Amino acid sequence: MNLFSLLIPMWVLIITILFSLIVVDARRPESSPYYISRHVFLKEEEPISQFSSMEDESSAAAKPEVRVVHHHDLNKRILIALIVSSTFLGGLLLFLSCFWIYRHRKLRDSNGKSQKEKEEASKGLSLSSAMVGFSSSRMGSSRKGSVAIFDYQTLEAATNKFGRSNVLSEGGSGIVYKALLDEKVLVAVKKVDVTTTGSDAERKFNNEVKWLSKIWHQNIIKLLGYCIHNKTRFLVYEMMQNGSLETQLHGPTQGSALTWHLRLKIAVDVARGLEYLHENCNPPVVHRDLQLCNILLDYNFSAKLSHFGIAVTSGFDNKDNIEVSETSAYVAPEYILDGKLTDKSDVYAFGVVLFELLIGRKLVEYKIPDQNQSLVKRAMPQLTDRTRLPNVVDPAIKDTMDLKHLYQVAAVAVLCVQPEPSYRPLITDVLHSLIPLVPLELGGSLRVTEPISVCSNPYDH
């Protein structure tokens, strides 16, 4: 309505000006058809003689030349004026239309963003209220690579002075605490003492901040900020209410909370995170430490990759500086033998994770590389034999799935752990193979008749 209210007065104004120009032009004597034809007739009626010819020649120099203006000249000028005015109005209409569409979309996006922020705030995920006691710092070139620098006093107060009651997990890389920022926002704080966790702790800390400040994906853990206090380093992450996949599979519940469809959903989430690292990051990133303890689950059992301390760009090749995680069963054999590291190395680790989701048992019993690799090899014959496969499936999910789907997932896992990297599929191909097996309600494309339920968190902190 506002657009037309602007165009109509402008149209009337231009038409009025154009009409006035035409009327003025028409009132000029030279523009009159009668005047023009009269001169022409007079020229034709005058008698022709020698004397008159001489007089005409003598008077031609003194009189101005009579310019004849025809009707079609006047019409041509009017037509040109109409074309110019119409073109101007058309361009103006196009400009105003584009401006109106842009403003409408911006307003709609603004409203959508506000609504999303309200929803996140209701779930306790919004950090706007917690931006007290620390300042912002931009890391890397990405616009989304903005992390916060926390002061030590803020984290100390949020974790109840790093009390034992706030401990979520402990590991070789540090202790993770539950923290409540500004009494509203629940986060996880990882404490790393560089003096007790080894000489590489500082490098891994810097590497974690570098990558997670640049990477932003729904299946990769969000780094909210960090803190440096003397010899201690702190990393502040979003809270993952269901802990790690290792805790869910091998903890007190022994995987009972993870149904068949939830396990496939977790596998798809991990594959999506890896696909982002391999296909969308420039240069591509190799996680290099994919295992159950580094796959975290939120309140809805959506999986996110964590622990980027040893992540590198793809194509890493350094035989003299091979770095493996605590458990080398997840490490591709070509990296252990030759130091070659590519995206297919992450695919190998994904295959091992898929094995563990299927059988519900640890494939890692020892830390000797040869024995670890033999565990994977020993599991493969059982997974490739359709008659034996249903008997080795985790009892928590046994007889709860379509056998065709079970065979397909097992085949994907076997392909991922092939010793030769060129025989392994790309993570994108793996993802496309698994999505059709996951129900629509869980982010896949499978239509199921029975309702899909998500179990509540038995470790709700």
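Extents of the range 276-317, largest first, come to 36, 19, 12 Å (Cα atoms, principal axes, whole angstrom). Within the range 269-302, name every residue whose backbone N is under 17 Å away from a label modeled 7 Å from Cα of Thr400 along the Cβ vector. So the set is 300-302. Work out the FRET efficiency for Val392 and Gln254 from their Cβ-Cβ distance, taking R0 = 22 Å, and round it to the nearest 0.05. Efficiency, rounded to the nearest 0.05: 0.90. Extension gain, Glu279 to Gln218, is 20.4 nm, computed as 0.36 nm per intervening residue step minus the present C-alpha separation.
Expected output is a single nm value to one decimal: the length gained when fully extending between Val84 and Gln153, i.e. 0.36 nm times separation in residues minus the C-alpha distance. What is it?
Details: separation 69, 0.36 × 69 = 24.84 nm, distance 7.01 nm.
Once the chain is fully extended between Val84 and Gln153, it gains 17.8 nm.
Computed 3J(HN,Hα) for the range 272-285, one whole-Hz value per residue from the Karplus formula 6.51 cos²θ - 1.76 cosθ + 1.60 where θ = phi - 60°, is 5, x, 5, 4, 4, 5, 7, 10, 9, 7, 10, x, x, 10, glycine and proline marked x. Among 95-102, 152-159, the peptide with the highest mean count of other Cβ atoms within 10 Å heads the list, and the full ranking is 152-159, 95-102. Each peptide in 295-308, 418-431, 332-345 gets a packing score, the mean of other Cβ atoms within 10 Å over its residues, and the list from highest to lowest is 295-308, 332-345, 418-431.
Peptides 207-216, 163-172, ordered by how many other C-beta atoms sit within 10 Å of their residues on average, highest first, read 207-216, 163-172. Annotation: amide H-H contacts under 5 Å for Asn242 (H modelled 1.01 Å from N, sequence separation of 5 or more, or interchain): Leu297, Asp298, Tyr299. A crude spin-label estimate for the pair Lys377 and Arg447, with each label 7 Å from Cα along the Cβ direction, gives 4.7 nm.
Quick note: the coordinates plus some simple rules give every number you see, no bench work behind them. Source: prediction; values computed, not measured. Cβ sites come from the backbone with ideal geometry, for glycine too, and all protein chains shown count toward neighbours.
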